[in-house]
Ligand SMILES: [Zn+2]
């Protein structure tokens, strides 16, 4: 089939609510005659007065040059939506199909039985990245007091002082029952921005625990971090 704008918009809305929590605002969708890509996510970039960079003018393009199976078209739409999600949330991926992209892609493939790939535009650079060393994260897991028993997660910079300052600050909150620190290289955690601000991300026991398998528990000794035996 060759998709229409209406078809792509419908799929966009559907996958947005199913896979991205409905967080992605609609963006312009254009059909393209390109032979070099099936789909493309484009944006402009500007530098703000404080030196940070901002992406804007997002657009999603789908090529209709050749007729493709519906599944391939849908996988292409989701692939471009992952790019959009990463840009929209300012997630710091290292390359266009870096560890964060792959982590989200693998999660969607596993959860929704999709076959999204990066193969249609893999570069030698990305191939070497795929086998390069994994990223180690320091993960703080906050257990809240009853009755909520909420769980918060935070990926901290690998800097002992910042980790200690964060834990000291957070543990003073009467809402917090305890904080656990883990060291892990599961790509699942690439999706969380690394920062020492007090903001945390809400999660659930069942979402988080499978990914902490194989993590090393860290303990704080006065002013250093050490592995727990
Ligand atoms: Zn891509």
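The values are calculated or read from the model by the stated rules, or taken from the named source; none is laboratory data. Predicted, not measured: the structure shown is a model, and the values here were computed from it. When we count neighbours, we look across all protein chains shown, and the Cβ atoms used for this are built from the backbone with ideal geometry, even at glycine.
Out of the residues in segment 23-39 that are more than 16 Å from residue 59 (Cβ to Cβ) and over 23 Å from the mean Cα position of the chain (by Cα), state the one that is farthest from the ligand (Cβ to nearest atom).
35
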Single residue of segment 88-120 satisfying the filter (within 10 Å of the ligand (Cβ to nearest atom) and over 22 Å from residue 45 (Cα atoms)) that is nearest to the chain's Cα centre (by Cα): 105
Residue within segment 51-61 that is in a helix (DSSP H, G or I), free of Cβ contacts under 8 Å to residues at least 60 places away in the same chain, surrounded by 14 or more Cβ atoms within 10 Å (Cβ to Cβ) and within 13 Å of the ligand (Cβ to nearest atom) present: no
Residue in segment 6-22 that is away from the ligand (no atom under 16 Å from the Cβ), in the same structural domain as residue 96 (by TED's automatic domain parsing) and either at pLDDT below 90 or on the phi > 0 side of the Ramachandran plot (or both) present: yes
Qualifying positions in segment 144-170 - in a loop (DSSP other than H, G, I, E, B), at pLDDT 85 or above and closer than 18 Å to residue 183 by Cα: 157
Residue in segment 73-87 that is more than 12 Å from the ligand (Cβ to nearest atom) and surrounded by fewer than 17 Cβ atoms within 10 Å (Cβ to Cβ) present: no
Any hit, segment 26-42, residues being under 30 Å from residue 195 (Cα atoms) and not in a strand (DSSP E or B): yes
